[in-house]
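Each value in this text was obtained by applying a stated rule to the coordinates, not by laboratory testing. Remember, predicted model here, so these are calculated numbers, not experimental data. Here the Cβ positions follow ideal geometry from the backbone for every residue, glycine too, while neighbour counts run over all protein chains shown.
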Amino acid sequence: MNILSPSILSADFTVLGEQIAEVDRAGARYIHIDVMDGIFVPSISYGMPVIKSIRKATQRVFDVHLMITDPIRYIEDFAEVGADIITFHLEAAPDVQAVIDKIHSLGKKAGLSIKPGTEVKELEPFLDKVDMILVMTVEPGFGGQSFIPESISRIREVRKMLVEKNLSTDVEVDGGIYTENVNAVLEAGANVIVSGSGVFKGNPKENVKKFLEILETE
Ligand code: DX5
Ligand code: ZN
């Protein structure tokens, strides 16, 4: 199934709860929440208290994308404040399997992400261990960047590796995705679509509807 995961990084934080409720009502199944620590990525976003607070705004799946160094330190905290899927970066974890195990031990889904410069093959040992693979389609750290065209072949490669192992694992894409280019990532094999600017710039309700028209006909 194709799923839209609006990234609240581009939302209007003065009315964050309302914006989340709006994309929920419009049909977005996930809410993508980017956590940045200023070390793994240059910027700092938000963390546990914000997630705890917005948990009251929706029952939708909280798709938490950790862009933090040594993520195992914080898995319990994010599980506690209401994360449903916890995705972390392969590049940030000294022991990837230990982080996956920690997430699963708390009853949450585990996602594993790679930056645009990381070889897709590095995912190989973990493909049958995780619930979702996140292929970054921009350098993580900021919203509003342009989609990196080379990502298409990387998405295709990840989907091919999964199919060869008979796995139907979700493949998420994140960065620079709009209704204008979403078809290309779907065609390459992605099925969980993150969009920040593409949803929250302009009219979020209309933007979600336009995305869903495409996602649901694919
Ligand atoms: C970037 C974040 C993204 C970001 C995407 O580091 O992981 O989730 O919010 O924003 P857009 O869709 O604007 O590129
Ligand atoms: Zn993200």
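Which of the lysines could a cross-linker bridge to residue 121, judged by Cα under 29 Å and excluding same-chain residues fewer than eight apart?
102, 108, 109, 129, 160, 165
Lysines near residue 205 by alpha-carbon distance under 22 Å, same-chain residues fewer than 8 away left out - which ones?
Reachable lysines: 56.
With θ set to phi - 60° and the Karplus curve 6.51 cos²θ - 1.76 cosθ + 1.60, what are the ³J(HN,Hα) couplings of the range 125-135 in order, to the nearest whole Hz, using x for Gly and Pro?
Those phi angles translate into x, 10, 4, 8, 9, 10, 8, 8, 10, 10, 9 Hz.
In nm, what is the difference between 0.36 nm times the number of residues separating residue 70 and residue 203 and their Cα-Cα distance?
Working it through step by step, the gained length comes to 44.2 nm.
Ranking 85, 51, 72 by Cβ neighbours within 10 Å, fewest first, what do you get?
If I rank by nearby Cβ atoms, fewest first, I get 72, 51, 85.
Using the count of nearby Cβ atoms within 10 Å as a rough guide to exposure, how do 217, 179 rank from fewest to most?
The fewest-first ordering by Cβ neighbours comes to 217, 179.
Rule-of-thumb check for the range 1-49: C-alpha Rg over 2.2 N^0.38 Å?
1.27
Counting each pair of different Cα atoms once, what's the Kirkwood radius of the chain in Å, rounded to one decimal?
For the chain, the Kirkwood estimate is 17.0 Å.
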